[in-house]
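The values are calculated or read from the model by the stated rules, or taken from the named source; none is laboratory data. Bear in mind that the values here come from a model prediction, so they are computed numbers and not experimental data. All Cβ positions, glycine included, derive from the backbone under ideal geometry; neighbour counts span all protein chains shown. In case anyone asks, the SASA skips ligands and DNA or RNA and just uses the protein heavy atoms, side chains included. Shrake-Rupley method; radii C 1.70, N 1.55, O 1.52, S 1.80 Å.
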Amino acid sequence: MVTEDFTKKPLPAITDIDREFWDGVNNNKLVVQKCLDCNTLQFFPRPVCVHCFGEKLGWQEVKGTGKVYSFTIVTVPRSPAFRKQVEQTGTPIIFAAIDLDEGIRMMSQIVDCKPGDVQIGSKVKAIFELVEGTDFKVPKFRLEK
Ligand SMILES: [Zn+2]
């Protein structure tokens, strides 16, 4: 029987639909889908435009700046990998919905600050952080001063 190591953080199962996004992240860029029919940006990547159901989708780099729409402080993560992180660092995870300046919402973590530093409306900027023990990056956010 093969048992999965739940103390390692899960990595995304990359598909043809989201490969461009993850390639961008691993090159320190936030790249999101843009509908070539109605010019709407969307995140997360999907096979069709959620605005007009158009199937002609391209990609556009966004600045990675935005504001906190909402957030929660996770002190006891359900995932053993994230629980291990909280136990080792003594810092809870700040999980947030970020409204990017281009008008799309993204779920991510806010890092390198204390939970009390974050407020709804706080300005943030994307960073690209290696997942421990891998050469794979994920986008997270830092507070902008
Ligand atoms: Zn569209």
Taking amide hydrogens as modeled 1.01 Å from N in the peptide plane, which residues meet the under 5 Å criterion relative to T65, leaving out close sequence neighbours?
D101, A126
Other-chain or far-sequence residues with amide H under 5 Å of G54's (modelled H)
C49
For the chain, the dipole about the Cα centre with charges only on Cβ (Lys and Arg +1, Asp and Glu -1), to the nearest 20 debye, works out at 400 debye
FRET efficiency, 1/(1 + (r/R0)^6) with R0 22 Å, evaluated for K29 and V50 via beta carbons
0.50
May I ask you to derive the relative contact order of the chain, considering only C-alpha pairs under 8 Å and at least 6 residues apart, and to give it as an integer percent?
21 percent
Taking +1 at the Cβ of each Lys and Arg and -1 at the Cβ of each Asp and Glu, which of Q60, G103, T75 sits farthest along the dipole of the chain towards its positive end, judged by Cα position relative to the Cα centre?
T75
So which chymotrypsin sites (Phe, Trp or Tyr not before Pro) in segment 7-103 end up in coil per DSSP with only 15 or fewer other C-beta atoms within 10 Å?
F53
For segment 45-145, please report how many Lys pairs fall under 17 Å Cα to Cα, leaving out neighbours fewer than 8 apart on the same chain.
18
Report the Cα-based extents of the chain along its three principal axes, largest first, to the nearest Å.
48, 47, 24
For the chain, longest principal axis from Cα atoms; helix 80-89 axis from its Cα atoms; angle between them, nearest 10 degrees, is 60 degrees
With Cβ to Cβ distances under 15 Å as the rule, what net charge do the other residues near V118 carry (K, R +1; D, E -1)?
+3
Starting from the Cα gyration tensor of segment 79-145, multiply each eigenvalue by 5, take the square root, and state the resulting semi-axes largest first in whole Å.
21, 15, 10
Where in segment 128-145 does the label zone of T7 land, with the point 7 angstrom along Cα→C-beta and an amide N cut-off under 17 Å?
132-134
Using only the alpha-carbon atoms of segment 43-88, report the extent along each of the three principal axes, biggest first, to the nearest angstrom.
45, 23, 18
Net charge over other residues, Cβ less than 9 angstrom from the Cβ of L143 (K, R count +1; D, E count -1)
+1
Counting only protein heavy atoms and rolling a 1.4 Å probe, one gets per residue an accessible area for segment 72-145 in Å² of 59 Å²
Can you give me the % of accessible surface on segment 16-62 that is carbon or sulfur? Probe 1.4 Å, all protein chains present, nothing else counted.
47 percent
Show that you can apply the helix-only estimate: for the chain, add -39,500 (n - 2.57) for every DSSP H stretch of four or more residues, divide by all residues, and state [θ] at 222 nm to the nearest 500.
-3500 deg cm²/dmol
Rule-of-thumb check for segment 16-62: C-alpha Rg over 2.2 N^0.38 Å?
1.06
Sequence of L36, L41 when ordered by accessible area, the most exposed leading, probe 1.4 angstrom
L36, L41
